[in-house]
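Have a look at the structure below, then the notes.
The values are calculated or read from the model by the stated rules, or taken from the named source; none is laboratory data. Model, not experiment: these values are computed from the prediction. Cβ: placed from backbone, ideal geometry, glycine included. Neighbour counts: every protein chain shown.
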Amino acid sequence: MGSAVRRWLYLPLGCIMLFNLTDADLEFQKGVLAGISPGITADIDLQCWNTCSLTLIDLKEIKIEHNVDAFWNFMLFLQKSQRPGHYSVFLNIAQDFWDMYIDCLLSRSHGMGRRQVLSSKYNFPQKMWSEIINFIKYLIP
(Lines give C-alpha, C1' and ligand atoms only; values in the text may rest on other atoms or scores of the structure.)
Protein backbone atom coordinates (compact mmCIF):
# COMPACT_ATOMS: atom_id res chain seq x y z
CA MET A 1 0.00 0.00 0.00
CA GLY A 2 2.82 2.38 0.85
CA SER A 3 4.45 1.84 -2.52
CA ALA A 4 1.33 2.90 -4.46
CA VAL A 5 0.98 6.05 -2.38
CA ARG A 6 4.64 6.85 -2.94
CA ARG A 7 4.24 6.45 -6.70
CA TRP A 8 1.28 8.83 -6.77
CA LEU A 9 3.26 11.34 -4.72
CA TYR A 10 6.50 11.11 -6.72
CA LEU A 11 4.86 11.23 -10.16
CA PRO A 12 3.52 14.81 -9.83
CA LEU A 13 6.74 15.97 -8.16
CA GLY A 14 8.80 14.54 -11.00
CA CYS A 15 6.55 16.21 -13.58
CA ILE A 16 6.86 19.56 -11.82
CA MET A 17 10.65 19.25 -11.74
CA LEU A 18 10.81 18.37 -15.45
CA PHE A 19 8.50 21.27 -16.29
CA ASN A 20 10.71 23.69 -14.33
CA LEU A 21 13.82 22.30 -15.99
CA THR A 22 12.47 23.29 -19.40
CA ASP A 23 12.30 26.91 -18.20
CA ALA A 24 15.70 26.80 -16.47
CA ASP A 25 18.40 29.21 -17.51
CA LEU A 26 21.35 26.89 -18.06
CA GLU A 27 23.55 29.86 -18.94
CA PHE A 28 23.14 31.10 -15.35
CA GLN A 29 26.54 29.82 -14.23
CA LYS A 30 28.22 31.98 -16.85
CA GLY A 31 26.45 35.05 -15.46
CA VAL A 32 27.32 34.29 -11.86
CA LEU A 33 31.02 34.81 -12.48
CA ALA A 34 30.56 37.82 -14.74
CA GLY A 35 30.38 40.40 -11.98
CA ILE A 36 31.94 40.70 -8.58
CA SER A 37 29.72 41.82 -5.77
CA PRO A 38 30.98 44.99 -4.03
CA GLY A 39 30.96 43.19 -0.67
CA ILE A 40 33.30 40.49 -1.90
CA THR A 41 36.14 42.78 -2.95
CA ALA A 42 36.88 43.74 0.66
CA ASP A 43 37.51 40.07 1.53
CA ILE A 44 40.02 39.41 -1.26
CA ASP A 45 43.66 39.03 -0.23
CA LEU A 46 45.29 41.08 -2.98
CA GLN A 47 48.75 39.63 -2.47
CA CYS A 48 47.50 36.07 -3.01
CA TRP A 49 45.18 37.21 -5.81
CA ASN A 50 47.96 38.93 -7.74
CA THR A 51 50.53 36.21 -7.13
CA CYS A 52 48.19 33.44 -8.27
CA SER A 53 47.12 35.40 -11.34
CA LEU A 54 50.71 36.03 -12.45
CA THR A 55 51.73 32.46 -11.67
CA LEU A 56 48.94 31.10 -13.85
CA ILE A 57 50.08 33.27 -16.76
CA ASP A 58 53.48 31.61 -16.47
CA LEU A 59 52.25 28.05 -15.84
CA LYS A 60 49.66 28.01 -18.61
CA GLU A 61 51.99 29.95 -20.94
CA ILE A 62 49.21 32.39 -21.83
CA LYS A 63 50.29 34.81 -24.56
CA ILE A 64 49.11 38.04 -22.91
CA GLU A 65 50.74 40.91 -21.05
CA HIS A 66 52.27 39.82 -17.78
CA ASN A 67 49.90 41.71 -15.47
CA VAL A 68 46.81 40.92 -13.43
CA ASP A 69 44.40 43.13 -15.38
CA ALA A 70 45.32 41.49 -18.68
CA PHE A 71 44.83 38.05 -17.11
CA TRP A 72 41.33 38.85 -15.84
CA ASN A 73 40.34 40.53 -19.09
CA PHE A 74 41.40 37.33 -20.83
CA MET A 75 39.36 35.29 -18.33
CA LEU A 76 36.28 37.45 -18.98
CA PHE A 77 36.77 36.97 -22.72
CA LEU A 78 36.89 33.19 -22.26
CA GLN A 79 33.87 33.23 -19.97
CA LYS A 80 31.66 35.30 -22.26
CA SER A 81 32.76 33.59 -25.47
CA GLN A 82 30.10 31.68 -27.38
CA ARG A 83 32.49 28.85 -28.20
CA PRO A 84 32.13 25.86 -25.85
CA GLY A 85 35.88 25.22 -26.04
CA HIS A 86 36.63 28.68 -24.66
CA TYR A 87 34.27 28.18 -21.76
CA SER A 88 35.82 24.82 -20.87
CA VAL A 89 39.29 26.44 -20.90
CA PHE A 90 37.89 29.17 -18.65
CA LEU A 91 36.57 26.58 -16.19
CA ASN A 92 39.92 24.75 -16.10
CA ILE A 93 41.92 27.92 -15.50
CA ALA A 94 39.38 29.17 -12.94
CA GLN A 95 39.61 25.89 -11.01
CA ASP A 96 43.41 26.04 -11.05
CA PHE A 97 43.29 29.66 -9.88
CA TRP A 98 40.87 28.80 -7.08
CA ASP A 99 43.03 25.90 -5.87
CA MET A 100 46.16 28.08 -5.87
CA TYR A 101 44.36 30.98 -4.19
CA ILE A 102 42.99 28.81 -1.37
CA ASP A 103 46.42 27.23 -0.83
CA CYS A 104 47.94 30.70 -0.64
CA LEU A 105 45.32 31.89 1.87
CA LEU A 106 45.79 28.83 4.04
CA SER A 107 49.56 29.12 4.02
CA ARG A 108 49.39 32.80 4.94
CA SER A 109 46.83 32.30 7.70
CA HIS A 110 48.74 29.37 9.20
CA GLY A 111 52.12 31.03 8.85
CA MET A 112 53.71 28.35 6.68
CA GLY A 113 55.77 30.97 4.90
CA ARG A 114 57.04 32.50 8.14
CA ARG A 115 58.20 29.39 9.96
CA GLN A 116 61.70 29.20 11.33
CA VAL A 117 63.73 26.45 12.90
CA LEU A 118 62.63 26.16 16.51
CA SER A 119 65.14 25.96 19.29
CA SER A 120 65.49 22.67 21.15
CA LYS A 121 63.55 23.89 24.18
CA TYR A 122 60.43 24.21 22.01
CA ASN A 123 60.82 20.87 20.30
CA PHE A 124 57.65 19.33 21.72
CA PRO A 125 57.84 15.79 20.31
CA GLN A 126 61.31 15.17 21.79
CA LYS A 127 60.30 16.73 25.09
CA MET A 128 57.16 14.61 25.28
CA TRP A 129 59.10 11.47 24.33
CA SER A 130 61.67 12.07 27.08
CA GLU A 131 58.87 12.58 29.62
CA ILE A 132 57.27 9.30 28.55
CA ILE A 133 60.60 7.49 28.93
CA ASN A 134 61.10 9.01 32.40
CA PHE A 135 57.57 7.97 33.37
CA ILE A 136 58.20 4.39 32.19
CA LYS A 137 61.49 4.30 34.15
CA TYR A 138 59.55 5.45 37.20
CA LEU A 139 56.95 2.68 36.78
CA ILE A 140 59.49 -0.10 36.20
CA PRO A 141 61.87 -0.30 39.20
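Could you please find all residues in region 24-80 being among the hydroxyl-bearing types (S, T, Y) and at pLDDT below 90? Talk me through it step by step, then tell me what you get.
First pass over region 24-80, keeping only residues among the hydroxyl-bearing types (S, T, Y): 37, 41, 51, 53, 55.
Answer for region 24-80, where residues must be among the hydroxyl-bearing types (S, T, Y) and at pLDDT below 90: S37, T41.
Report, ordered by the first and then the second residue, all pairs with beta carbons closer than 9 Å, sequence separation of six or more or different chains, a first member in region 41-64 that is surrounded by 15 or more Cβ atoms within 10 Å (Cβ to Cβ), and a second member that is of a type in the set (D, E, K, R) and assigned to a loop (DSSP other than H, G, I, E, B).
I57/E65
Which residues, counting only those in region 73-94, are surrounded by fewer than 14 Cβ atoms within 10 Å (Cβ to Cβ) and closer than 15 Å to L54 by Cα?
The one that is surrounded by fewer than 14 Cβ atoms within 10 Å (Cβ to Cβ) and closer than 15 Å to L54 by Cα: N73.
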